[in-house]
2 protein chains.
Amino acid sequence: MAEDYVELIAELIESRGEARPVEIAERFGVKPPTVTKNISRLKAAGLVRREPYRAIFLTDAGRELAEACRRRHRIVVAFLLSLGIDEETAERDAEGIEHHVSTTTLEAFEHALLQSQSGK
Amino acid sequence: MAEDYVELIAELIESRGEARPVEIAERFGVKPPTVTKNISRLKAAGLVRREPYRAIFLTDAGRELAEACRRRHRIVVAFLLSLGIDEETAERDAEGIEHHVSTTTLEAFEHALLQSQSGK
DNA sequence: TAGATAAATTAGCCGTGTCTAACTTTTGAA
DNA sequence: TTCAAAAGTTAGACACGGCTAATTTATCTA
């Protein structure tokens, strides 16, 4: 959960300037109270900083986690695309797959990606 | 959960002749009461047939699901191995990845596998 | 075959992530 | 500037998947 949330929060801050519960709820297909509860868990975990009724900010730890997740996400998506999978499926499957990819496997994806690019 | 269970149950029936809660608990690193509870959920879902204190059997639906899962598992593992990932990591990661692989992606894995074999 | 051991179940607890209903705070428009 | 709509929160419920402790059933062995 935490990974998906910080990833999305980082995206929203970048594109919209701030992250709001209502947007998070829409993107995850979940109701607002669920977001409230999960954000407070993130806060308890030290990933997020926030006051009630205000926008959500990432702590340094949150920002670092978000960056790592986004990088991994990009690699997994690019790898799936390199196999000829369509963008929509690649995005959807990556969302699930990325949380189960070890460092070893992620590196193998990167390596395969380089091969496919050189031999494109 | 259901997928992992029927997959293992099918394996146990093949190798041991029957599937017993104690074996399932060991393989999943979980305590026996957890297995009891999950088996009864599987039964409620029509995937498993069984009487208390007896071995566990798959229904037709359970057998079909198990077969599909095992096939998918084999493909994912083989694909990871083809990327040069070590067996232990391939097995471990496949366990997590396989549940998030769409039919499209599975086919792409199979296709890539064929390519790597012909060009091995 | 009786009794000890192993296997399985039941009862009851916990954390996670979801929901609805009801309430509060913020905001924006008349 | 007020007040209605939108956004957010709180309270309380539920399913899932895990646990421990206690009990029951099955199995094996002396």
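The values are calculated or read from the model by the stated rules, or taken from the named source; none is laboratory data. Computed from a predicted structure; not experimentally measured. When we count neighbours, we look across all protein chains shown, and the Cβ atoms used for this are built from the backbone with ideal geometry, even at glycine. With ligands, DNA and RNA removed, areas are computed over all heavy atoms of the protein, side chains included. Shrake-Rupley method; radii C 1.70, N 1.55, O 1.52, S 1.80 Å.
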Using a 7 Å offset from the Cα along the Cα-to-Cβ direction at both B:E95 and B:E64, what is the distance between the two label points in nm, to one decimal?
2.9 nm
For region B:85-95, Karplus couplings with θ = phi - 60° (6.51, -1.76, 1.60), whole Hz, Gly/Pro x
6, 5, 4, 5, 5, 4, 5, 5, 5, 4, 3
Qualifying aspartates and glutamates (Cα of each under 12 Å from Cα of A:K31; at least 8 residues distant if same chain)
A:E23
Sorted shortest first, the nm distances from the A:T34 label point (7 Å along Cα→Cβ) to its counterparts in the other copies are 2.4
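Using a probe of 1.4 angstrom, how much of the accessible area of chain A is carbon and sulfur, in percent?
On chain A, the fraction of accessible area on carbon and sulfur atoms equals 52 percent.
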Per residue of A:9-21, count partner chain C-beta atoms within 10 Å of its C-beta, then hand back the mean as an integer.
0
Rel. contact order, % - alpha carbon contacts under 8 angstrom, at least six apart, region A:5-97
26 percent
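Which value, in debye to the nearest 20, gives the size of the charge dipole of region A:1-96 about its Cα centre, when Lys and Arg are +1 and Asp and Glu are -1 at the Cβ?
So the magnitude is around 560 debye.
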Using Cα-only point scatterers and the Debye equation, what is log10 of I(q)/I(0) for region A:2-65 at each q in 0.18, 0.25 Å⁻¹, rounded to two decimals?
-0.54, -1.11
Cα gyration tensor shape of chain A, rounded if a/c is under 1.5, else prolate or oblate by comparing a/b with b/c
prolate
Checking the a/c ratio against 1.5 first, then a/b against b/c, what shape does the Cα gyration tensor give for the protein assembly as shown?
oblate
With θ set to phi - 60° and the Karplus curve 6.51 cos²θ - 1.76 cosθ + 1.60, what are the ³J(HN,Hα) couplings of region B:28-41 in order, to the nearest whole Hz, using x for Gly and Pro?
8, x, 9, 8, x, x, 4, 5, 3, 4, 5, 5, 6, 5
What list of ³J(HN,Hα) couplings, whole Hz, do you get for region A:96-103 from phi and the Karplus terms 6.51, -1.76, 1.60, once you set θ to phi - 60° and write x for glycine and proline?
x, 5, 3, 6, 10, 9, 6, 4
Tell me the GluC sites (Glu not before Pro) within region B:1-50 that lie in a loop according to DSSP and have at most 16 other beta-carbon atoms within 10 Å.
B:E18
If amide H atoms are built 1.01 Å from N in the plane of the peptide, which residues on other chains or at least 5 residues away come under 5 Å of the amide H of B:R49?
B:F57, B:L58, B:T59
Within region A:35-113, DSSP-loop chymotrypsin sites (Phe, Trp or Tyr not before Pro) with at most 10 other C-beta atoms within 10 Å are A:Y53
When B and A pair up, the total accessible heavy-atom area removed from solvent (1.4 Å probe), in Å² to nearest 100, is 1300 Å²
Around A:A19, which amide H atoms from residues at least 5 apart in sequence, or from another chain, sit under 5 Å from its own amide H, with H modelled in the peptide plane?
A:I56
Putting +1 on Lys and Arg Cβ atoms and -1 on Asp and Glu Cβ atoms, find which of A:A44, A:S82, A:H111 reaches farthest to the positive end of the dipole of chain A.
A:A44
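Classify region B:67-118 from the C-alpha gyration tensor, please: rounded if a/c falls under 1.5, else prolate or oblate depending on whether a/b exceeds b/c.
Since a/c reaches 1.5 but b/c is at least a/b, the shape of region B:67-118 is classed as oblate.
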